[in-house]
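S.K.: First, the structure itself, so that you have it in front of you.
The values are calculated or read from the model by the stated rules, or taken from the named source; none is laboratory data. Everything quoted here is computed from the prediction, not taken from an experiment. Reconstructed Cβ throughout: ideal geometry from the backbone, glycine too, with neighbour counts over all protein chains shown.
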Amino acid sequence: MHFKKPKVTILVSILLLLIVIAVAAKFLFGPKQPLQKEENQTIQKEESQVIEEITTDKSSYGPNEPIHFTTTLSDKHVQGILKITYYHLNNVVAQRELNMTKNKVQWTWQAPGKDFKGYLVRVQFESKTKKDEQTIAVDVSSDWSKFPRYGFLSKFHEMSNEDMASTISQLNRYHINGLQFYDWHYKHEQPMKLENDRPAMAWEDIANRPTSYQTIKTYIDLAHQRNMKTMAYNLLYGAFEEAEKDGVKKEWRLFKDQQKNDYDYHPLPDEWKSDVFLLNSAHPEWQTYLINQQKHVYNALPFDGWHVDQLGPRGNVYDYDGNLLALDESFQPFMEHVKKEIPDKRLVMNAVNQYGQKQLGKSPVDFLYTEVWEQYKYYHDLKRIIDENNAYSQGKYNTVLAAYMNYEFSNNPGEFNTPGILLANSVIFASGGSHLELGEHMLSKEYFPHENLKMNSDLQNKLLHYYDFLVAYENLLRDNLQEVPVTIHSPDWFHFSSQPEQGKIWSFAKQRENKKIIHFINFFDATTLEWRDTNATQAEPQQREKLTVQLEDNQMIKKIWTASPDKQSGMPISLDFKQENNKVTFTLPSLKYWDMVVIEYDQ
């Protein structure tokens, strides 16, 4: 578009031209104060990161056990005071101060005497010129099965002790208290390779990957030093094609037809050693055979237990005599048989898409474990599985979900989509479960060694807050809570929903003693309601500020507070509230992914 120039004198034109040139020169070549200010702000922000990291020596502790902390500061800031505050929920339980004269300081806190409690530890640094603070969580639990946080290992070739120690140290910082050793074994029907009745020093797994006995043993020892349980993976009913050479009988096999012409098997890549052929898990002789093989494992390696796998529904399958079988009905008797024969070892069994979970809820396992597939593809399905498991076990067992993120996106190298990971974990953690996702890498496929996607530093740091939150508030997230109805409104522009909906905030409530815990999960900006975020397209939610919440409640309220893994490092924040005419009104300071609000009633 062109503009017509008005007539002016030559002198005025020259003056105007000089002014324009002067302004342009100042803009192009002069000092840029706004940019300089932003640079200074960035530098100041970086310099304010005085505390580089806080670590603990174990993933969990028994009551009254000493807890060893280490805090590392940046080299530039060593003179100052370190103030340490220990919280249980929103209550301060202890405090202390330390003088900092070097950039690393260690101290010990004796765990309180009550079992199965979570704590948040706030570490504040202050000098004449700098302030900083960070938090870390502590789990005081004598048994991992109460609050399981399950991780994995999947590579067992020869490697240095330093590399293995680094992996275990990273998992310890996320408070992982149990590890599934995936595909460590020699064969399904002969998991421990023996030579002259002694453990072999090396073998190849089913995918022909090199496996070192010493690597497995060292990993177990390193995990035990961190108070992590170690679980040896193997199928309940798997064998190689030529398993008869190892003493497996044809009479134990499963068939797809009553005439015994077609074996039931799980196909694997051609370059692998064998497909997996299925056996009758109800057959007492097969049970005895496999349990004896597991005893060989425990004689050779100090595993804490057996992670038992299955392959889900197989359609119509028949035993050697032509009888139609319901495989899931064998799971509970098998687990009971294993526990009777090896009572001092732990058991966990995978219920693929909930197959057999009802039976496992009555079995002697440490917790319930579900590998989640397409039948349960939406966010509300994750909560539904956890609720089902609570019902199946009558509240006895907590839940771990094997839920593989960014599944299709991980067919090629790249990075995990942070919003997808955090939104899925918000739903799982708020619902009372935990997520099998962390090992030498983050999981994206059911074949655990698959490692196309990496976690960037932003995701790693945010996940630290999520796992700290899971531990610090475990008594409000997964400690025998009961779901209760809740009616929530807002005079503001946003809307609540009782199920995940795009453009709304999902809210639900649970009760424990005199506390009502309300979860707010932000789906306002969600681009999909499928938790897997399979193509890594889930959008990052905008942070919403000052959300007014109205709650119908006729009980007398003593206090309301909130906490979130997304702000103030998970610290509890007291909220002002107004209660009148059976209505309670308070304001959420902000909402990113997930906020937890706790209402405490008069006793």
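S.K.: For N452, work out the one condition from (1) closer than 28 Å to Q134 by Cα; (2) surrounded by fewer than 18 Cβ atoms within 10 Å (Cβ to Cβ); (3) not assigned by TED's automatic domain parsing to the domain that holds T587 it doesn't fulfil.
M.R.: (1)
S.K.: So is Y289 under 22 Å from D246 (Cβ atoms) and not charged (D, E, K, R) or not?
M.R.: yes
S.K.: Sticking with this structure for a sec: Please identify the pairs in which a residue from the stretch 430-456 that is under 21 Å from G570 (Cβ atoms) and in contact (Cβ under 8 Å) with a residue 12 or more places away in the chain has its Cβ atom under 6 Å from the Cβ atom of a residue that is surrounded by 24 or more Cβ atoms within 10 Å (Cβ to Cβ) and of a type in the set (G, A, S), counting only partners at least 6 apart or on another chain.
M.R.: Hits for this filter: L438/G151.
S.K.: Assess whether V348 counts as being in a strand (DSSP E or B) and in contact with a Pro (Cβ under 8 Å, 6 or more places away or on another chain).
M.R.: Working: in a strand (DSSP E or B): yes; in contact with a Pro (Cβ under 8 Å, 6 or more places away or on another chain): no.
The answer is no for V348.
S.K.: Something else about it: Among the residues of the stretch 188-214, count how many are touching a Ser or Thr at 6+ places or on another chain (Cβ under 8 Å), buried (at least 17 other Cβ atoms within 10 Å of the Cβ) and assigned to a loop (DSSP other than H, G, I, E, B).
M.R.: 2
Here is a yes/no grid of residues against (1) crowded, with 20+ Cβ neighbours inside 10 Å; (2) within 15 Å of H185 (Cα to Cα):
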{"position": "Q294", "(1), (2)": "yes, yes"}
{"position": "L301", "(1), (2)": "no, yes"}
{"position": "W306", "(1), (2)": "yes, yes"}
{"position": "R314", "(1), (2)": "no, no"}
{"position": "G322", "(1), (2)": "no, no"}
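Residue-wise test of (1) outside the structural domain of S166 (by TED's automatic domain parsing); (2) part of a strand (DSSP E or B); (3) modelled with pLDDT of 95 or more.
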site	(1), (2), (3)
K58	yes, no, yes
N64	yes, no, yes
F69	yes, yes, yes
A94	yes, yes, yes
K102	yes, no, no
V123	yes, yes, yes
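S.K.: Return the residue satisfying two criteria in turn: it lies in the stretch 325-345 and is part of a loop (DSSP other than H, G, I, E, B) and in contact (Cβ under 8 Å) with a residue 12 or more places away in the chain, and of such residues it is surrounded by the fewest Cβ atoms within 10 Å (Cβ to Cβ).
M.R.: Among those that are part of a loop (DSSP other than H, G, I, E, B) and in contact (Cβ under 8 Å) with a residue 12 or more places away in the chain, it is I342.
S.K.: Give just the number: which of (1) part of a loop (DSSP other than H, G, I, E, B); (2) touching a helix residue (DSSP H, G or I) at 6+ places or on another chain (Cβ under 9 Å) does D366 not satisfy?
M.R.: (2)
Quick grid of which residues meet (1) in contact (Cβ under 8 Å) with a residue 40 or more places away in the chain; (2) of a type outside the set (S, T, N, Q); (3) surrounded by 21 or more Cβ atoms within 10 Å (Cβ to Cβ):
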position	(1), (2), (3)
Y378	yes, yes, no
K383	yes, yes, yes
Q394	no, no, no
N398	yes, no, yes
L401	no, yes, yes
Y407	yes, yes, no
P413	yes, yes, no
N425	yes, no, yes
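S.K.: Against the definition (out of contact with any Asp or Glu (no Cβ under 6 Å at 6 or more places or on another chain), at pLDDT 95 or above, among the acidic types (D, E) and surrounded by fewer than 20 Cβ atoms within 10 Å (Cβ to Cβ)), how does E540 come out, yes or no?
M.R.: Considered against the rule, which asks whether it is out of contact with any Asp or Glu (no Cβ under 6 Å at 6 or more places or on another chain), at pLDDT 95 or above, among the acidic types (D, E) and surrounded by fewer than 20 Cβ atoms within 10 Å (Cβ to Cβ), E540 comes out as yes.
S.K.: Just checking, does the stretch 536-558 include any residue being free of Cβ contacts under 8 Å to residues at least 40 places away in the same chain and part of a strand (DSSP E or B)?
M.R.: Scanning the stretch 536-558, I find no residue that is free of Cβ contacts under 8 Å to residues at least 40 places away in the same chain and part of a strand (DSSP E or B), so the answer is no.
S.K.: Shifting gears a bit: For residues that are part of a loop (DSSP other than H, G, I, E, B) and in contact with a strand residue (DSSP E or B) (Cβ under 9 Å, 6 or more places away or on another chain), tally how many sit in the stretch 310-324.
M.R.: From the stretch 310-324, those part of a loop (DSSP other than H, G, I, E, B) are 310-317, 319-323; that's our starting set.
Applying the additional criterion that residues be in contact with a strand residue (DSSP E or B) (Cβ under 9 Å, 6 or more places away or on another chain) yields 310-314, 316-317, 319-320, 322.
Total satisfying the criteria: 10.
S.K.: Kindly provide the set of residues from the stretch 253-292 that are of a type in the set (D, E) and either surrounded by 14 or more Cβ atoms within 10 Å (Cβ to Cβ) or part of a helix (DSSP H, G or I) (or both), ordered by number.
M.R.: Within the stretch 253-292, D264, D275, E285 qualify.
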